[in-house]
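Below is one structure, written out as structure tokens; comments come after it.
The values are calculated or read from the model by the stated rules, or taken from the named source; none is laboratory data. If you're wondering where the values come from, they're calculated on a predicted model, not measured in any experiment. With ideal geometry, Cβ positions are generated from the backbone for all residues, glycine too; neighbour counts draw on all protein chains shown. Surface accessibility is based on the protein's heavy atoms, side chains included, excluding ligands, DNA and RNA. Shrake-Rupley method; radii C 1.70, N 1.55, O 1.52, S 1.80 Å.
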Amino acid sequence: MARSKPSKQLSEAEIERFLAAAEALHLSIVKPFISPHCDHYRQTRVLHEVLLKAVREVTGKEVPFIQWSTTGPVRPPTAG
């Protein structure tokens, strides 16, 4: 049985799945309303920064599900 050589990067479909999973994780990190003075809050912020860095490194772009304006995160208008 021949082994195939592993790919050096993710395919477009794999990147799309990665982004969907990253967005779901992002929402699970930022959604809980907890005190910024507790350990859980601090650890979720650390995890969030690592997640955002990983998305930037994998895609080579800014994180698509977080866009900032002067008033905070915004989503682009959706059609429909």
Looking only at the range 50-65, how many residues end up being under 11 Å from H26 (Cα atoms) and open to solvent by 40 Å² or more (accessible area, probe 1.4 Å)?
1
Within the range 11-49, track down each residue that is open to solvent by less than 80 Å² (accessible area, probe 1.4 Å) and in a loop (DSSP other than H, G, I, E, B).
S11, P32, I34, S35, P36, C38
What pairs come up if the first residue lies in the range 28-55 and is among the polar types (S, T, N, Q), the second is not in a loop (DSSP other than H, G, I, E, B), and their beta carbons are under 6 Å apart, counting only those six or more places apart or on different chains?
T44/I29
If you go through the range 1-10, how many residues are hydroxyl-bearing (S, T, Y) and either in contact with a strand residue (DSSP E or B) (Cβ under 6 Å, 6 or more places away or on another chain) or surrounded by 11 or more Cβ atoms within 10 Å (Cβ to Cβ) (or both)?
0
Of (1) among the aromatic types (F, W, Y); (2) within 18 Å of the chain's Cα centre (by Cα); (3) at pLDDT below 90, F33 satisfies all except one. Which?
(2)
